[in-house]
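Here is the structure we will look at.
The values are calculated or read from the model by the stated rules, or taken from the named source; none is laboratory data. Since the structure is predicted, the reported quantities are computational estimates derived from the model, not experimental observations. Counting neighbours? That spans all protein chains shown, and the Cβs are built from the backbone with ideal geometry, glycine included. Heavy atoms of the whole protein, side chains included, go into the accessibility calculation; ligands, DNA and RNA do not. Shrake-Rupley method; radii C 1.70, N 1.55, O 1.52, S 1.80 Å.
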Amino acid sequence: MRPGTRLSRVEPVLRRALSKSCALVPGSRLLVAVSGGADSTALLLGLVRTAREFGLAIHAAHLHHGLRGKDADDDLAFVRALCGRLAVPLVAARWDCRARMARRGLSGQGGLRTLRREFLIAAARRAGAGAIATAHTADDQLETLLLRLGRGTGLTGLVGMRPRSGAWIKPLLDATRADIEADLRSAGEAWREDPSNRDPRYARSRVRHQVIPALARAIAPRTAPALARAALARRATAAAHELAAAERLIARASGRILARLGRFQGGEIALDSRALASYPSAIQRSVFGLLWQRPGHAGPRLTQRHLNALQSLLATARGGSRVDLPDGWKAVCDRGQLIFARAETAARGGGTAWAAEARRLPAHGRFSRGQVRGGWLSGATARGRLGARAAGDEYFAVEALSGGLELRPAKPDEWFMPFGGRGPRRLGEFLSKQPVPRALKARPIVLADARGILWVVGVRRAARAPVTETTRKALWVHVETP
């Protein structure tokens with residue numbers, strides 16, 4: 001980029017995102033995923049120009065997948081040169097992704113996404129970055145919404161990609177690909193093209209290169225194809241924003257209704273089925289979703305099939321009718337109540353053998369017990385330590401913790417939501433695909449609270465309870481692993 005050249009379309013989008021939905025604490029390090037394509041090139045260039053305004057330190061990461069020969073070599077060389085010119089520290093790696101996927105039973109684009117996310121999480125830790133920025137755009141949002149509509153989804157799915165999910169941010173979601181490429185051309189900046197993005201074997205590629213052009217021609221036959229596509233992308237993004245706002249309103253109302261109609265006692269949850277049946281469908285489904293996030297439900301989310309079955313159960317209200325839910329739970333109609341319970345044989349957390357080996361952590365002050373030490377800190381102190389944390393350290397936002405804390409052996413059938421993951425995973429399945437020593441896979445140790453696993457020690461923390469700019473009190477734990 002020529003000195004002083006501004007990305008006139010991209011930079012305002014980044015400033016709005018970094019001021020609101022993607023805001024980070026001043027002084028944070030931000031890792032930018034850079035493939036060398038137009039979107040990620042513009043993201044890096046724009047963030048370098050705007051970072052000082054928000055007090056951010058920019059680092060970059062690039063993964064060579066070992067799949068495209070010289071083209072992939074040239075991508076890596078391009079990203080190295082770009083980062084060198086911008087004086088941005090780069091974390092780069094060359095992986096044999098085909099061999100890695102074969103060892104772990106992964107395949108296709110989904111397998112590659114899993115490896116990329118794992119690389120970026122590791123790169124963020126290496127760089128001391130508290131957030132990871134990816135270059136998803138309004139065009140990607142349009143593709144995602146069309147794919148979800150085609151496969152079937154509800155309100156949550158129609159919200160599309162969110163600008164923030166834990167440590168992951170997408171500050172370019174309001175920028176179209178046409179605007180990005182126009183900015184790069186004006187600035188005299190090159191970018192790389194990946195031919196695999198046009199491969200018709202993949203559903204997203206077919207939507208991008210066949211479905212959307214056909215839709216644009218059908219809606220605006222007299223408009224230039226690029227302009228028509230950009231207009232569709234902007235409309236999709238605007239619709240996603242409105243649906244997200246509607247979802248938040250419904251969730252707030254549903255939370256109040258759940259508090260009024262729900263009774264939580266021991267391992268059982270009961271809802272007033274007659275009262276809940278009087279509310280609109282969207283409220284009912286939101287109540288079920290919120291109930292499933294309560295302590296004891298660390299397993300997979302309720303699917304559309306589960307939600308449909310629960311609504312049918314609510315409508316029929318026949319005594320004894322039941323619906324089987326994930327992780328051994330069931331919902332049963334009984335005398336005007338919808339009761340959620342789990343069979344004792346499937347109860348999470350283990351029996352007396354596990355409990356006997358567990359170490360409970362004190363609820364205040366500092367502590368040191370053998371290989372475990374830690375303490376409660378202010379949020380500001382924890383944020384200051386995140387960039388230079390030592391091996392074996394983790395930090396958690398206290399306000400997101402539930403009940404007592406313990407360090408204990410884990411069972412392979414327990415569920416947890418890994419940081420950087422796309423959904424809950426069974427611990428045994430998750431560990432089987434991690435590049436960690438066999439001893440850790442065979443005898444995993446976890447830090448857990450009443451809601452479930454917070455940290456698989458030596459492997460991955462959970463997505464829950466991250467330390468953010470709003471955290472007021474944090475827990476620091478250090479564990480020496482064998």
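Between Ala275 and Ala93, the distance separating the two model label sites (each 7 Å from Cα on the Cα→Cβ line) works out to 5.1 nm. If one computes the Cα centroid of the stretch 242-258 and of the stretch 173-202, what distance in Å separates the two points? One Cα centre to the other: 36 Å. Taking all Cα-Cα distances within the stretch 378-482, those exceeding 22 Å account for 28%. Only alpha carbons enter this Debye calculation for the stretch 99-219, each as an equal point scatterer, and the log10 of I(q)/I(0) it gives at q = 0.15, 0.16, 0.20 Å⁻¹ is -0.95, -1.08, -1.49.
Of all DSSP-defined beta bridges confined to the chain, some 75% are antiparallel rather than parallel.
Compute log10 of I(q)/I(0) for the stretch 136-286 with the Debye formula, placing one identical point scatterer on every Cα and leaving out solvent, at q = 0.19 Å⁻¹, to two decimals. One equal scatterer on each Cα of the stretch 136-286 leads to -1.22. Ligands, DNA and RNA are left out, and with a 1.4 angstrom probe the accessible area of the chain is 49 Å² per residue. Counting heavy atoms of the protein chains alone, His241 has an accessible area of about 90 Å² for a 1.4 Å probe. Which stretch or stretches of the stretch 111-150 have amide N atoms under 15 Å from the point lying 7 Å from Ala239's Cα along the Cα→Cβ direction? Backbone N within reach: 138-150. Think of the stretch 1-148 as a dipole: +1 on every Lys or Arg Cβ, -1 on every Asp or Glu Cβ, centred on the Cα centre; then among Ala99, Ala123, Val32, Ala123 lies furthest on the positive end.
When the convex hull of the Cα atoms of the stretch 148-209 is projected onto a plane and the area is averaged over all directions, what value comes out in nm²?
On the way: hull surface 24.5 nm².
Average projection, Cα convex hull of the stretch 148-209: 6.1 nm².
Overall, the ratio between the Cα radius of gyration of the stretch 68-122 and 2.2 N^0.38 Å, rounded to two decimals, is 1.30. Excluding the site residues themselves, the longest part of the chain lacking any GluC sites (Glu not before Pro) in a DSSP loop with at most 15 other Cβ atoms within 10 Å is 194-468. For the chain, lysine pairs with C-alpha atoms less than 21 angstrom apart, excluding pairs fewer than eight positions apart on the same chain, total 4. Placing unit charges on each Cβ (+1 for Lys and Arg, -1 for Asp and Glu) gives the stretch 383-482 a dipole about its Cα centre, and among Gly420, Ala450, Thr470 the Cα reaching farthest toward its positive end belongs to Gly420.
Between Leu431, Ile132, Leu338, the Cα set farthest toward the positive side of the dipole of the chain (charges on each charged residue's Cβ, about the Cα centre) is that of Leu338. One decimal place: the segment Ala226-Leu149 gains 25.4 nm when fully extended, by the rule 0.36 nm per residue minus the C-alpha distance.
Surface composition of the chain: carbon and sulfur make up 53 percent of the accessible area, probe 1.4 Å. Note the listed values (i) 24.3, 83; (ii) 24.1, 73; (iii) 27.5, 88, then indicate which one is Rg and Dmax of the Cα atoms in Å calculated from this particular structure. So the structure-derived entry is (ii). When +1 charges are put on Lys and Arg Cβ atoms and -1 charges on Asp and Glu Cβ atoms, the dipole computed for the chain relative to its Cα centre reaches about 260 debye.
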